1. Can you put Phe585, Phe455, Phe404 in order of Cβ neighbours within 10 angstrom, beginning with the fewest?
2. For every helix of n ≥ 4 consecutive DSSP H residues, a contribution of -39,500 (n - 2.57) applies; sum these over the chain, divide by its total residues, and give [θ] at 222 nm rounded to the nearest 500 deg cm²/dmol.
3. Quick one: check the C-alpha center-to-center distance for the stretch 143-179 versus the stretch 508-522, whole angstrom.
4. For the ranges 243-255, 44-56, what's the packing order if you count other beta-carbon atoms within 10 Å of each residue, average per peptide, and put the highest first?
5. Starting from the Cα-Cα distance between Glu474 and Lys389, subtract it from 0.36 nm times their residue separation and give me the gain in nm to one decimal.
6. Please arrange Ile265, Ile206, Ile90, Ile18 by counting, for each residue, the other beta carbons lying within 10 Å of its beta carbon, fewest first.
7. Under 5 Å between amide H atoms, partner at least 5 residues away or on a different chain: which partners does Glu202 have, H built in plane at 1.01 Å?
8. Please list the non-local residues whose amide H lies under 5 Å from the amide H of Leu231, H modeled 1.01 Å from N, same-chain partners needing a gap of 5 or more.
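Derivation of every value follows stated rules applied to the coordinates shown; laboratory data play no part. From a predicted model like this one, the values you see are computed outputs, not experimental measurements. Ideal geometry is used to build each Cβ from the backbone, glycine not excepted, and the neighbour counts take in all protein chains shown.
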Amino acid sequence: MKKVIYVMGVSGCGKSTIGTLLAQDLGIPFFDGDDFHPESNITKMSSGQALNDDDRQGWLETLNDLAKKQLENNSCVIVCSALKQKYRDILSDTIEDDTEWVHLVGSFNQILERVNSRADHFMPSELLKSQFDTLENPECAIKIDISLSPQEIIKKIKQELMNTSEFGLFGLGVMGKSLCRNLANNGFKISMFNRHVDGVEEDVAINFKAQYPELSRAEAFDDISAFVNSLQQPRRIMLMVNAGKTIDYVIEDLLPHLSENDIIIDGGNSNYKKTKERYDYLKTKGIHFIGTGVSGGEEGALKGPSIMPSGDIDAYNKVAPFLETISAKDKNGLPCCTYVGPEGSGQFIKMVHNGVEYVEMQLLAEVSTILETLGQNPDEVSQTLQSWKDIADSYLLEITTAIFKKKEGDDWLVNKVLDKAGNKGTGNWTAISSAELGVPSTLIASALFSRYISFYKEERIQLNEKFQTKTTSELNITTNDVLEAYQFARIINHYQGFKLIAEASNKFEWDLNLSEIARIWTNGCIIRSTLMEELVEVFKHTTNILTNPKLIDLVNTYKPAAKKVVSQSILNDVATPALSEAIQFLNGITTAYASANVIQAQRDYFGAHTYLRLDDASGKSHHTDWN
């Protein structure tokens, strides 16, 4: 990566000499900051007057512009005293991640002696002392002792610049390994860590590095201290470990080795509430915490996932070049990675993403079952799903099409898979969050509970023998009916998912951008689809997709087929919980006067909970003795 290397320190520390030698050694341009002072500054200094901050403002901005211009083509070395942090902030404005600071450090007496020993050069001790008094030591800089020889200083600077890694990855499971290879393939110098457990996990990072040529420059560790010390400051460490208590244990293990302003990125499926707690806790330690959703599975992590970071915006800006580079790209070439919002909002939308994913998977499972009930074998199911690609394309449709093609011997492999579906918790959290926020995410709950039902395999076998469930079915529907029912339910699913995000945004004051969230879900993630691409534009005008004229027309067009498919499935004992719930939800959300009046009357009857009246606009609560 191209870098601006600022060499800084008090007058007399040797900045110009070291800067010139360093630039020559690296074969990059050298600039002395003093050569860029405006005439007014030169005149003022020539008269013996010290420059104030206002005098320096324009000069520092000029050097910043110089740095940015140089970065377009090459790295460069610029020397500048840069004694105050606010000076350094101006010098690195908008290029923080492309900036390296080298601080030449020496004692007052050491520098005074060196300056006064030079021919035709004398610096009053008062002036040098004022520089030391002004100096605000940089937190993130390569500190070099000026007592070393110039050759030793250049060697040490190069070692620091070349050997320290830009990014650290903690945890080499399937996703962690793929992200490491992705980072390395994009030219980043990385450090990789995996724990050492005798007889269980030994030399994981070293063996992984040896396995892939792209990791030749990567550093491999099983010692936390060495891993942390191998990273440039502020350190950027991404955790790819199991959600839950493991995250907290890892944080506590890392903390003794971290410095102020280091950044921890949690890339696992953590609960958004825990993310906020960790953010607040680490803030007290001076450490930034970024909760980040990552979707795409093993292949996505390697080739480009969808990434959903949240937390402190300034901290995000320091990791953005890494995350945005390794992410998938949308149809316009923009990264499928964006700053989502504060606190745990990135983990929240990843949780909802997974809830929507549960439903999309369940719908395809139900659709496949219906097609098989219509008499199609797995090859024919695959062909039918393939024929839907132009109308209903999605990643999950693609992989389901492939699944039904796969054979093992003379039989299809899908027929040999045990019908018990697992889950890792995000579906549970989505359903719980929906209940806590009072949002009717009924399809997500239906898909989740369908997985729970599947897990009762033995009981299902027993009950199948007890009840007169049909063993043969005659569905009076076409494959086009099934397609339209599927499309109908998918629109309802996406309505519910984004409704949950919108309500959370309002509740927690996150100010989430639904269009931007949809955009980063158009590639890299599991729920990418042509429908998601359409929603990018829809959410630029509304937060409720069921108010969009085109989607209203589609829902009205598809609903008759959905009703037909569900009713035929019910009559023939074919379980279609998600398809059925899609219709029930739309019926409920579009009912002007619901049956809830009866429920509220019941609540008032047994619990005196009161009720409001349609014929009383005052909002007054009423109670009745119903006997």
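1. With the fewest neighbours first, Phe585, Phe455, Phe404 line up as Phe455, Phe585, Phe404.
2. -16500 deg cm²/dmol
3. 36
4. Per-residue Cβ counts within 10 Å, averaged per peptide and sorted highest first, yield 243-255, 44-56.
5. 27.9 nm
6. Ascending Cβ contact count within 10 Å gives the list Ile206, Ile90, Ile18, Ile265.
7. Here the answer is Val197, since their amide H atoms fall under 5 Å of that of Glu202.
8. Hits under the 5 Å cutoff: Ser165.
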